[in-house]
1. Exactly one condition in (1) under 17 Å from A72 (Cβ atoms); (2) in contact with a His (Cβ under 8 Å, 6 or more places away or on another chain) is false for M50; which is it?
2. Of the residues that make up the range 46-57, is at least one of a type in the set (S, T, N, Q), closer than 17 Å to I83 by Cβ and under 16 Å from the mean Cα position of the chain (by Cα)?
3. So, of the residues in the range 21-41 that are surrounded by 12 or more Cβ atoms within 10 Å (Cβ to Cβ) and part of a loop (DSSP other than H, G, I, E, B), which turns out to be modelled with the highest pLDDT?
4. Every residue in the range 1-20 that is over 22 Å from D68 (Cβ atoms) and assigned to a strand (DSSP E or B), please.
5. Would you pick out the residues in the range 53-83 that are buried (at least 16 other Cβ atoms within 10 Å of the Cβ), assigned to a helix (DSSP H, G or I) and touching a residue at least 40 places away in the same chain (Cβ under 8 Å)?
6. Could you tell me which of the residues A72, A104 is modelled with pLDDT under 65 and of a type in the set (A, V, I, L, M)?
Amino acid sequence: MKQQLFTVAGTSIRQGETKVRFANDLVSRVKALNRAGHKDVNLVELPKPMTKLEALQHLHSLGMSTGDVGYAVASKLVEKTKIAKKGEVKVSGTVVKAKTTKPAVEA
C-alpha cells in the first residue's frame, strides 16, 4: 500500500479543539480553514514531500511541542507510530532448517 505524501503540515484550532492538518497547497488550505472558522492556523511547508508520520516528526523537531499545539502533535505522532508498527513483523528464535528425506525405493 502506497502512502500519500504531503508538502504542508501544521495545526489549527476550531471550537476550542486543536488538530493537526496536512495538505499539498498552502494557500488553498489556509483559505479553506479560514472559511470553516478555524483560528490560529499555523501551517508550514515541508522540506520535501512526506508521509503523515514523517511530517509529524518534522513538526515536533521544529518546536511545535508546547501547550495545546504540542499535545495535538504529540498525540497524533503516537497514533501514527502505533499504526506504522502494526505493519512490522518481529521474528525471534532460532533458524530452523527443513530436513529433506529421500523417498523410499521399492525393489
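1. Of everything listed in (1) under 17 Å from A72 (Cβ atoms); (2) in contact with a His (Cβ under 8 Å, 6 or more places away or on another chain), M50 misses just condition (1).
2. yes
3. It comes out as N24.
4. Matches in the range 1-20: T7 only.
5. Hits for the range 53-83 are A55, L56, H58, L59, V69, A72, V73, K76.
6. The unique qualifying residue is A104.
The values are calculated or read from the model by the stated rules, or taken from the named source; none is laboratory data. Quantities reported herein were computed from a predicted structural model and do not represent experimental measurements. When we count neighbours, we look across all protein chains shown, and the Cβ atoms used for this are built from the backbone with ideal geometry, even at glycine.
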